[in-house]
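Asker: Encoded as C-alpha cells, here's the structure I'll be asking about.
The values are calculated or read from the model by the stated rules, or taken from the named source; none is laboratory data. Since the structure is predicted, the reported quantities are computational estimates derived from the model, not experimental observations. Cβ: placed from backbone, ideal geometry, glycine included. Neighbour counts: every protein chain shown. Accessible surface areas use protein heavy atoms only, side chains included; no ligands, DNA or RNA. Shrake-Rupley method; radii C 1.70, N 1.55, O 1.52, S 1.80 Å.
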Amino acid sequence: CSSQFREVCCMELVKEDLSSDSFPDINTHAETIEREPEIPEGENLPSRVENELLEEEEADIRGSQSGFVVIPNAAASEEYHSESELRNRKAETVPLNNQGSSDIPDHQSRYEASIYEDFDTIDWIRDSISDRMLRAQVDAKAETAKKKKGFLQKIYKQFYRSQGWILVTVMAVIVGFLAGAIDVAVDFLADTRFGYCTTGVFLSRKLCCNETPVESCTVWKSWSEAMGVDSIGWGYFVDYLVYIFAAGLFAGLTAWYVKKLARWASGSGIPEVKTILGGFVILKFNSWQTLFVKVPGLVLSVASGLNLGKEGPLVHVACCVCEVISNAFPKYKKNQAKLREMFSAAAAAGVSVAFGAPIGGVLFSLEEVSYYFPHKTMWRAFFCASIAALVLQFMDPFHNGKLIIFQVDYTHSWLAFEFLPFILLGIIGGLLGAVFIKLNIIVCKFRRSVISQYSISEAICIACLTALVSYSNDYLRGNASEIISELYAECTSSSVNPLCNIETAPTEIVILLFASIIRLLLTIFTFGVKVPAGLFIPTLAIGASIGHGVGLLFAYWQNAFPDFFLFRECSTLSYCIDPGVYGLIGSAAMLSGVTRMTVSLVVIMFEITGDVQYIVPIMITVMVAKWVGDGIARDGIYDEHILLNEYPFLDNKAAYRFSQVAKSIMKQNLFVLELRPYSISELRKHLDNNVYTGWPVVTKKSEMLLVGYIARSELRQALDIASKNALVTPETKCYFSTTVHDPNPYVDLRPWMDSTPTQVTPRTPLNIIFDMFKKMGMRYLLVSYRGRLVGILTKKDMLQHIAIHFHGKFRTFVVPDRKEQ
C-alpha cells in the first residue's frame, strides 16, 4: 500500500475474517512496516512498479555477467567459478574475460542440474523446465553448427533426441538375458534339493532326464541313492533331511547377503518402485549394488522352496538395470522426472519377461506403478517389453519354446452355466485376498517391532518350516511354477493326469484344499521376510489349487447327476467341465483379490492362454474379486505395504473430499532465511542441524515479505561448488539479494533460489491444493497473505492429513539420518 492509503489497508487487515490466533503475525507486521516514501507527483504506481522490475532485471543481468562467486571490480585477473562451471559442475576455477560475461543467463542456473538428496521428493515442474532448456541448448548449438557446416554437433543432436530409444533397447536386452539366466539358475538349484545328475553336475532334473519320467530316469540320483541307502524308509528320511537342510541353507545365504550388502534388495520392490515413480527419491534402491545382490539373492530365495516368486522382483531388477545404464545418458542422468519415464518402461519389461506378456506388462506399468505416463512413454514401454520378451524367447530357458513354464492352449470352450462357478471363484478370491492382506500386515508389524534384528534366523526358520510341511504333499513340494502348469493343464476324456480323474475327485479335492490352506498361511508369513520375494507365483498357485478343486467338484457333480438342469448343455459333449480352466480362473481371482489388478491382469491371463474365448470369464471373475475385496479393504497389498513403510506416496488415482482450507493444516512456525548476508559456515550449520527439505527466503523475520524459496539439495550443492574456489573461505558471505555492497568476494545464491514459488492463500480449499499436489506434482506450496509468508504446505503435510482423517492413523514418513549422512 502507498502511504496515503496505509491506514485503510491496516483497517482491512484487522477486519479480515481470519483469527489472530491462527495468524498472530499479520496484524503485528502491519504496524511494523517501515513507511514507504511518498510517490512524487506525476508518477503513478504502475510505472513505479515497472521501474523496480526493470532494476531487478538489470541486477540479474549484472549477476549473470559477474559469475557465481562474485568478485568486485572483476576486471582484475583473479580466478573464480563461472556460470559455465555451474552447469557442468566442475571443480576448476576459470578466469573472467574482459567483459566479465557468462554464456548462461543467471535465472537458468537452478535448472541446470537435478540433484536430490536421499528420501527427497522431486520437483516435476523444475525437471520439466530443465529438459526443455537442455533441448533448446542442443538445438541452438546444432543450428549454429549447421551454419558453420559442423558435423559433430549434428550427430550429437540426433544422439540427444534418440537417447530414450537407445536406453530402452539396451535395457530390454539386458533384462531379457537376466530373466533367462535367473530361470535356468533357479531350475538347477531347486532340483539340487532332491538329487543330482550323473551325466552333468550343473544340469537340472528336466534337462538331465530329457523328458523321461523321474521314476524311470536312471541318470538322476537322489541323495539317498548317492549315499547308498537301500531301505525305502531310511531313504525317504535321508531325502527329507537333505531337503530341509538345503532349504535352510539357501534362505540363510540370501538373507545374509541382503543384510550385509544391500538391504533394499529384500522384498518384491514393487511398493518402492511405485513410490519412486510417484516422485520419491531413494538413492540406493536402484543402484548397481542392489542389482548385484538382488539377482543372485532372488535365485537362492526361490530355490530354497519358500512360498515366493521371482516375477515381482523382476520389476525391481529391470528398474535397477535402467538406472545403472542411464548414467551413460546425460538426458536421464541429470533429470529425475525423465528417468521415471524410463522406469515405467522398465516395469513393463519386468512383467513382460515374468509372464511372457508384453502388452500385459505395459498395462501393468500404466495401471499399477506409474504416476506420469505420457503417450511416448507407452510406446517406449511396449517396445522395451517386446524386445525383452524376444530375447527371452531366443534364450528358451525352459527348452520348450515357451516364455513361461505354465503357458497353456485350451481347445475346450466354456458353457453358459459355468458363469456360476466363475462368479463363485471371484467371491472366494476377493475374500481370501482381503484376509491375506490383513493378516500379512499384522505379521509384518509384529516382525518390525519384535524380530527385525533377527532377519537371517527368521528366514532360516521359515524356510525349514516350509520344507518340513511341504515335503509330504505333491502340490507343495515341487517348483511352484511347475505345480501351476499341472493345475492349468487341459483335461480331456483321454487324460491320464490324476487331477483330471473324476473317480478320484473327492480325494484330490481334499488334497488341493489342504495344499491351498497351507500355502496361504505360509505365504502370509513369508511375504515380508528380508529376502528377495515376489507375490505373484504363490498367489497364482493358491488360486489355481482352489480353482482346480472347484472345477473337480462341479465335474464330479455333473458326472453323478448328468440330467440336472444346469448340465443340459453337456449332453452332447464327451467332456463337459475342464478343471484346468477353473485353475486358471481361480488364479486370476486370487491375484485380483490380493493386488486389485484389473485390466492388466485380464490381458496377462489372455497372453498366458493365447485364447480369446476365455477373456469374458476372466473379466467377470476379476471384477467380482475386486468388488468383493474393495468391500472389505480398499487398498491392495502393495498400497498397504506403502502405508506400512510410511512412504510419502500420493496416489494419482485416489479421490478424497475435503471441507478444510489451507490454514487448517499448514505449518506456521517456520524456519526461514533472510536477505541478510550469511556466512558459508552458518549455512552449513543450518544444513546439519535440521531435516527440512528447504527454506523460504524473506526480507526480514519481522516483516516476512516473501522473496523466494531454496531447497536443501540446491543450497548444499551451491555451497559445495563455491567452497572449491580458492578465494572462498568458511566466513565468505552469501547473498540472496539483488543489491549487494560488499567489497570482498561473496557468493551469489540467487541462481539457486526459486524466486517465483507457487503460492496459495490461507483460504484456498484443500480440494484445490490436493489436485495441485496430485496433478502438478508439487513438492511444496507457500501460503502467503498480501505478500507476507504465513505458512507452508508440503506433500507430506497433505499425506499426513489424509492418513489421519481417512485412514485413522498418524504417519511419520521415512526421514533420513542427516547427521549420519
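Asker: Considering only residues that are under 41 Å from the mean Cα position of the chain (by Cα) and open to solvent by 20 Å² or more (accessible area, probe 1.4 Å), which ones fall in segment 743-753? Before you say what the answer is, go through the steps one by one.
Answerer: Going through segment 743-753, the residues under 41 Å from the mean Cα position of the chain (by Cα) turn out to be 747-753.
The answer is Arg750, and nothing else.
Asker: Quick one: Cys461 ticks every box in (1) open to solvent by 10 Å² or more (accessible area, probe 1.4 Å); (2) in contact with a helix residue (DSSP H, G or I) (Cβ under 7 Å, 6 or more places away or on another chain); (3) outside any loop (DSSP other than H, G, I, E, B) except a single one, so which number is it?
Answerer: Unmet condition: (2).
Asker: Among Ile405, Ile427, which is the only one that is in contact with a Ser or Thr (Cβ under 8 Å, 6 or more places away or on another chain) and farther than 26 Å from Phe649 by Cβ? Steps first, please.
Answerer: Numbers: Ile427 fails: in contact with a Ser or Thr (Cβ under 8 Å, 6 or more places away or on another chain).
None of the others qualify; the one that does is Ile405.
Asker: Which of the residues that make up segment 627-646 are closer than 23 Å to Ser449 by Cα and β-branched (Val, Ile, Thr)?
Answerer: Across segment 627-646, the qualifying residues are Ile637, Ile642.
Asker: In segment 472-489, what count of residues is obtained for those that are open to solvent by less than 50 Å² (accessible area, probe 1.4 Å) and not in a helix (DSSP H, G or I)? Walk me through it before giving the result.
Answerer: Keep residues of segment 472-489 that are open to solvent by less than 50 Å² (accessible area, probe 1.4 Å), which gives 473, 475-476, 478-481, 483-485, 487-489.
From the residues that got through so far, the ones that are not in a helix (DSSP H, G or I) too are 473, 478-479, 489.
Qualifying residue count for the region: 4.
Asker: Search segment 591-616 for residues that are assigned to a helix (DSSP H, G or I) and pair each with any residue that is of a type in the set (D, E, K, R) when their beta-carbon atoms are under 8 Å apart and the residues are at least 6 apart or on different chains.
Answerer: Qualifying pairs under 8 Å: Ser592/Lys626; Gly593/Lys626; Thr595/Glu368; Val599/Glu367; Ser600/Glu367; Ser600/Glu368; Thr609/Asp409.
Asker: Suppose we filter Trp414, Trp379 for residues that are modelled with pLDDT under 85 and either in a helix (DSSP H, G or I) or open to solvent by 60 Å² or more (accessible area, probe 1.4 Å) (or both); which single one remains? Step through it out loud before you land on a result.
Answerer: Values: Trp379 fails: modelled with pLDDT under 85.
When all the criteria are applied, what remains is Trp414.
Asker: Can you name the residue in segment 691-719 that is surrounded by fewer than 16 Cβ atoms within 10 Å (Cβ to Cβ) and touching a residue at least 60 places away in the same chain (Cβ under 8 Å) and is also nearest to the chain's Cα centre (by Cα) among such residues?
Answerer: Among them, the one singled out is Val691.
Asker: Could you give me the residue pairs with C-beta distances under 6 Å whose first residue belongs to segment 502-518 and is closer than 16 Å to Ala560 by Cα, whose second residue is among the aromatic types (Phe, Trp, Tyr) and in a helix (DSSP H, G or I) wherever it lies, and which are 6+ apart or on separate chains?
Answerer: Ile502/Tyr556; Ala505/Tyr556
Asker: Name the one entry in Asp191, Asp139 that is in contact with a Lys or Arg (Cβ under 6 Å, 6 or more places away or on another chain), free of Cβ contacts under 8 Å to residues at least 40 places away in the same chain and either surrounded by 13 or more Cβ atoms within 10 Å (Cβ to Cβ) or aliphatic (A, V, I, L, M) (or both). Before you say what the answer is, go through the steps one by one.
Answerer: Details: Asp139 fails: in contact with a Lys or Arg (Cβ under 6 Å, 6 or more places away or on another chain).
Only one candidate qualifies: Asp191.
Asker: Still on this structure: Can you tell which of Ile642, Ile620 is in contact (Cβ under 8 Å) with a residue 60 or more places away in the chain, open to solvent by 30 Å² or more (accessible area, probe 1.4 Å) and among the hydrophobic types (A, V, I, L, M, F, W, C)? Outline the logic, then answer.
Answerer: Details: Ile642 fails: open to solvent by 30 Å² or more (accessible area, probe 1.4 Å).
Result: Ile620 is the single residue among Ile642, Ile620 that is in contact (Cβ under 8 Å) with a residue 60 or more places away in the chain, open to solvent by 30 Å² or more (accessible area, probe 1.4 Å) and among the hydrophobic types (A, V, I, L, M, F, W, C).
Asker: Might you check whether a residue that is more than 17 Å from Tyr656 (Cβ to Cβ), buried (at least 20 other Cβ atoms within 10 Å of the Cβ) and at pLDDT 90 or above occurs anywhere in segment 765-778?
Answerer: No, because not a single residue in segment 765-778 is more than 17 Å from Tyr656 (Cβ to Cβ), buried (at least 20 other Cβ atoms within 10 Å of the Cβ) and at pLDDT 90 or above.
One line per residue, one yes/no per condition, for (1) open to solvent by less than 40 Å² (accessible area, probe 1.4 Å); (2) within 43 Å of the chain's Cα centre (by Cα); (3) under 17 Å from Ile462 (Cα atoms):
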| site | (1), (2), (3) |
| --- | --- |
| Asn210 | no, yes, no |
| Ser222 | yes, yes, no |
| Gly228 | no, no, no |
| Asp239 | yes, yes, no |
| Gly248 | yes, yes, yes |
| Gly252 | yes, yes, yes |
| Ser266 | yes, yes, yes |
| Ile270 | yes, yes, no |
| Lys274 | yes, yes, no |
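Asker: Against the definition (touching a residue at least 24 places away in the same chain (Cβ under 8 Å), surrounded by 20 or more Cβ atoms within 10 Å (Cβ to Cβ) and touching a strand residue (DSSP E or B) at 6+ places or on another chain (Cβ under 7 Å)), how does Leu727 come out, yes or no?
Answerer: Values: touching a residue at least 24 places away in the same chain (Cβ under 8 Å): yes; surrounded by 20 or more Cβ atoms within 10 Å (Cβ to Cβ): no; touching a strand residue (DSSP E or B) at 6+ places or on another chain (Cβ under 7 Å): yes.
In short, no.
Asker: In segment 191-247, how many are within 27 Å of Phe398 (Cα to Cα) and of a type in the set (A, V, I, L, M)?
Answerer: Of the residues in that region, 10 qualify.
Asker: Hey, could you check segment 683-713 for residues that are in a strand (DSSP E or B) and in contact with a helix residue (DSSP H, G or I) (Cβ under 7 Å, 6 or more places away or on another chain) and say which is modelled with the lowest pLDDT? Show your work before the answer.
Answerer: Kept after step one, since they are in a strand (DSSP E or B), are these residues of segment 683-713: 694-698, 705-711.
Next cut, in contact with a helix residue (DSSP H, G or I) (Cβ under 7 Å, 6 or more places away or on another chain) only: 694, 710.
On the way: Gly694: 87, Ile710: 91.
For segment 683-713, the residue satisfying everything is Gly694.
Asker: Need the failing condition index for Ser600 against (1) of a type outside the set (Phe, Trp, Tyr); (2) over 18 Å from Trp414 (Cβ atoms); (3) surrounded by fewer than 20 Cβ atoms within 10 Å (Cβ to Cβ), just the number.
Answerer: Among (1) of a type outside the set (Phe, Trp, Tyr); (2) over 18 Å from Trp414 (Cβ atoms); (3) surrounded by fewer than 20 Cβ atoms within 10 Å (Cβ to Cβ), Ser600 violates only (3).
Asker: Let me ask something additional. I'd like to know if segment 539-559 contains one or more residues that are part of a loop (DSSP other than H, G, I, E, B) and either in contact (Cβ under 8 Å) with a residue 40 or more places away in the chain or in contact with an Asp or Glu (Cβ under 6 Å, 6 or more places away or on another chain) (or both).
Answerer: no
Asker: Answer yes or no as to whether Gly551 is crowded, with 24+ Cβ neighbours inside 10 Å, at pLDDT 90 or above, more than 20 Å from Gly360 (Cα to Cα) and out of contact with any strand residue (DSSP E or B) (no Cβ under 7 Å at 6 or more places or on another chain). Reasoning before the result, please.
Answerer: Numbers: crowded, with 24+ Cβ neighbours inside 10 Å: yes; at pLDDT 90 or above: yes; more than 20 Å from Gly360 (Cα to Cα): yes; out of contact with any strand residue (DSSP E or B) (no Cβ under 7 Å at 6 or more places or on another chain): yes.
Answer is yes for this residue.
Asker: Which of the numbered conditions does Tyr454 fail, given that it passes all the others? Conditions: (1) of a type in the set (Ser, Thr, Tyr); (2) part of a loop (DSSP other than H, G, I, E, B); (3) within 27 Å of the chain's Cα centre (by Cα).
Answerer: (2)
Asker: Residue check, Ser494 against (1) within 33 Å of the chain's Cα centre (by Cα); (2) open to solvent by 60 Å² or more (accessible area, probe 1.4 Å), all met but one. Which one?
Answerer: Failing condition for Ser494: (1).
Asker: Of the conditions (1) modelled with pLDDT of 90 or more; (2) touching a strand residue (DSSP E or B) at 6+ places or on another chain (Cβ under 8 Å); (3) within 30 Å of Ala337 (Cα to Cα), Gly279 fails just one. Which one is it?
Answerer: Result: Gly279 fails condition (1) only.
Asker: Exactly one condition in (1) at pLDDT below 85; (2) open to solvent by less than 30 Å² (accessible area, probe 1.4 Å) is not met by Leu782; state its number.
Answerer: (1) is the only condition that Leu782 fails.
Asker: Moving on to the next point. For segment 596-650, name all the residues that are more than 17 Å from Glu367 (Cα to Cα) and among the polar types (S, T, N, Q).
Answerer: Correct list: Thr609, Gln613, Thr621, Asn645.
Asker: Condition first: touching a residue at least 24 places away in the same chain (Cβ under 8 Å), open to solvent by less than 10 Å² (accessible area, probe 1.4 Å) and farther than 23 Å from Met619 by Cα. Can you find one or more residues in segment 430-441 that meet it?
Answerer: yes
Asker: Determine, yes or no, whether Val740 is in contact (Cβ under 8 Å) with a residue 12 or more places away in the chain, surrounded by fewer than 21 Cβ atoms within 10 Å (Cβ to Cβ), hydrophobic (A, V, I, L, M, F, W, C) and under 24 Å from Lys685 (Cβ atoms).
Answerer: Numbers: in contact (Cβ under 8 Å) with a residue 12 or more places away in the chain: yes; surrounded by fewer than 21 Cβ atoms within 10 Å (Cβ to Cβ): yes; hydrophobic (A, V, I, L, M, F, W, C): yes; under 24 Å from Lys685 (Cβ atoms): yes.
Yes.
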